[in-house]
1. Does the range B:57-89 hold any residues that are surrounded by fewer than 24 Cβ atoms within 10 Å (Cβ to Cβ), more than 7 Å from chain A (Cβ to nearest Cβ), out of contact with any strand residue (DSSP E or B) (no Cβ under 6 Å at 6 or more places or on another chain) and within 16 Å of residue A:119 (Cα to Cα), and which are they?
2. Taking the conditions exactly as written (out of contact with any strand residue (DSSP E or B) (no Cβ under 7 Å at 6 or more places or on another chain) and farther than 16 Å from residue A:38 by Cα), does residue A:244 satisfy them or not?
3. Look at the range A:83-103 and say how many of its residues are in a helix (DSSP H, G or I) and free of Cβ contacts under 8 Å to residues at least 60 places away in the same chain.
4. Please count how many residues of the range B:90-124 are within 14 Å of chain A (Cβ to nearest Cβ) and within 18 Å of the chain's Cα centre (by Cα).
5. Read through the list (1) in contact (Cβ under 8 Å) with a residue 12 or more places away in the chain; (2) crowded, with 19+ Cβ neighbours inside 10 Å; (3) within 25 Å of residue B:16 (Cα to Cα); (4) within 10 Å of another protein chain (Cβ to nearest Cβ), then give the number of the only condition that residue A:133 fails.
6. Does at least one position in the range A:47-64 carry a residue that is modelled with pLDDT of 95 or more, away from chain B (no Cβ under 14 Å), buried (at least 24 other Cβ atoms within 10 Å of the Cβ) and not in a strand (DSSP E or B)?
7. Pick from A:115, A:106: which is modelled with pLDDT of 95 or more, assigned to a loop (DSSP other than H, G, I, E, B), crowded, with 21+ Cβ neighbours inside 10 Å and more than 8 Å from every other protein chain (Cβ to nearest Cβ)?
8. Of the conditions (1) more than 14 Å from chain B (Cβ to nearest Cβ); (2) touching a helix residue (DSSP H, G or I) at 6+ places or on another chain (Cβ under 8 Å); (3) surrounded by 19 or more Cβ atoms within 10 Å (Cβ to Cβ); (4) in a helix (DSSP H, G or I), residue A:211 fails just one. Which one is it?
């Protein structure tokens with residue numbers, strides 16, 4: 001399966017999962033489906049047969065509300081049965097709306113409150129340095145969560161400690177919970193912010209797999225890497241794209257049917 | 001207690017290279033030797049407690065035994081959610097060490113009064129809460145911490161009751177230590193104020209009033225049995241803590257009584273009341289302000305027994 005094919009499947013899964021569970025954040029999952037597909041389908045050294053193997057790469061979804069997409073990626077990669085995705089957000093399930101590691105093979109870390117993932121990723125990366133391990137740590141953040149001061153504490157630390165085994169990817173879809181990022185707390189000049197904190201910065205189209213792969217493979221010796229991935233919130237379902245509404249709205253009825261039709265025809 | 005902790009931790013760090021000490025830019029002159037001798041095991045996270053605690057969790061999840069270190073409320077309140085969601089929920093071996101329990105930093109002002117910490121930290125599931133009363137308890141707990149599963153909170157006090165460990169005694173996490181035996185009063189205490197409690201119990205004994213005196217060095221999990229067994233004998237419960245009355249040792253004792261349907265004939269909870277402290281003074285002075293000196297406690301106990 002190519003990473004593009006994997007991304008297409010992830011989009012189908014997350015629309016079905018958020019429909020069945022009547023849950024939110026479908027657009028947040030759709031916007032990062034390509035990032036997750038490239039990480040799980042290409043970039044990361046992980047093994048579904050041995051989820052806790054020594055020196056594996058670590059992944060933390062800091063924007064935990066998009067957990068459906070990570071569960072889908074793990075299922076597609078064989079960490080658990082795809083059928084289990086149907087239990088997402090249901091009573092008695094292990095697949096909670098915000099990503100949880102409890103009983104879910106392949107999930108390294110539970111999140112849900114924003115601004116937690118990067119500091120923990122920094123700790124994993126620092127430990128790998130101390131141990132001389134080749135393990136790399138990947139953290140996916142939302143743009144809205146870059147409002148959190150804890151991230152900037154971690155950003156300072158990572159550069160100071162030259163954690164070049166740490167990669168942050170920002171799903172920069174320009175929309176947060178109530179309004180656009182620009183109208184909430186503007187991040188621009190965003191690239192400049194990371195550069196001034198001494199990170200190696202790559203700016204890409206977050207739906208272009210070749211660009212994502214190239215950025216993830218860039219040489220950033222002595223510096224942590226951030227990939228600023230420009231994305232479209234709700235990508236792949238035309239009426240969800242670039243809409244604040246679909247941060248919380250769940251695809252039901254005709255809207256669900258239309259979304260599925262579009263995703264299977266594309 | 002701080003120096004006893006660091007000295008003991010340094011011994012363990014030498015033997016166990018997976019021990020990592022992370023400070024929030026505090027410990028001038030105290031952590032210097034540790035940093036010099038074990039640079040690979042020492043991280044100054046800067047004045048950034050949220051990242052310090054997340055970082056500690058990441059290190060722990062990768063196999064390290066981590067100690068975060070700061071003063072008063074800084075390593076817990078600023079980053080409480082990191083302790084809850086990151087360290088505790090993930091059962092990470094993160095040991096949060098706060099020096100300056102209670103009014104240890106009295107004259108520095110309200111920001112430095114760690115007087116609600118026990119209540120807050122004991123509310124977190126899967127966090128072991130430790131509050132030693134003497135140097136010996138401090139050292140024993142320090143040695144035990146790396147082996148306690150999951151997250152721990154370790155409250156260190158400037159004051160202490162010397163070394164109360166007896167020849168051959170072993171400290172057991174989760175088991176209160178009985179330091180005096182008596183028949184009239186069950187006196188529970190936690191933290192460095194143990195020194196006041198011992199002085200009070202000895203003075204009362206000279207007047208014919210005897211106390212079962214317990215040092216509750218472990219607040220969570222709580223040793224219910226020691227307290228209840230003693231109460232059966234004395235029927236009088238007194239708790240003493242340098243902490244607000246809400247949610248601390250006295251509250252726990254009340255909860256234990258209610259859950260066990262044990263109703264002491266007489267009882268008194270001694271601690272900090274009346275809102276935030278804006279009075280300026282050292283630990284002893286502020287104990288006097290709140291009626292927590294040995295003499296104050298003695299008077300309270302006599303009054304309680306009379307009432």
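1. B:78, B:80, B:84, listed by residue number.
2. Values: out of contact with any strand residue (DSSP E or B) (no Cβ under 7 Å at 6 or more places or on another chain): no; farther than 16 Å from residue A:38 by Cα: yes.
The answer is no for residue A:244.
3. Quick first cut of the range A:83-103, residues in a helix (DSSP H, G or I) only: A:83-87.
Retained after the next criterion (residues that are free of Cβ contacts under 8 Å to residues at least 60 places away in the same chain): A:83-84, A:87.
Selection size over the range A:83-103: 3.
4. Of all residues in the range B:90-124, those within 14 Å of chain A (Cβ to nearest Cβ) come to B:90-94.
Restricting the remaining residues to those that are within 18 Å of the chain's Cα centre (by Cα) gives B:94.
Residues that pass the stated criteria total 1.
5. (2)
6. Checking the range A:47-64: at least one residue is modelled with pLDDT of 95 or more, away from chain B (no Cβ under 14 Å), buried (at least 24 other Cβ atoms within 10 Å of the Cβ) and not in a strand (DSSP E or B).
7. Values: A:115 fails: more than 8 Å from every other protein chain (Cβ to nearest Cβ).
Answer to the selection: A:106.
8. In the conditions (1) more than 14 Å from chain B (Cβ to nearest Cβ); (2) touching a helix residue (DSSP H, G or I) at 6+ places or on another chain (Cβ under 8 Å); (3) surrounded by 19 or more Cβ atoms within 10 Å (Cβ to Cβ); (4) in a helix (DSSP H, G or I), residue A:211 misses (2) alone.
The values are calculated or read from the model by the stated rules, or taken from the named source; none is laboratory data. Worth saying up front: this structure is predicted, and the values here are computed from it rather than measured. No Cβ is skipped: glycine too gets one built from the backbone with ideal geometry, and neighbour counts run over all protein chains shown.
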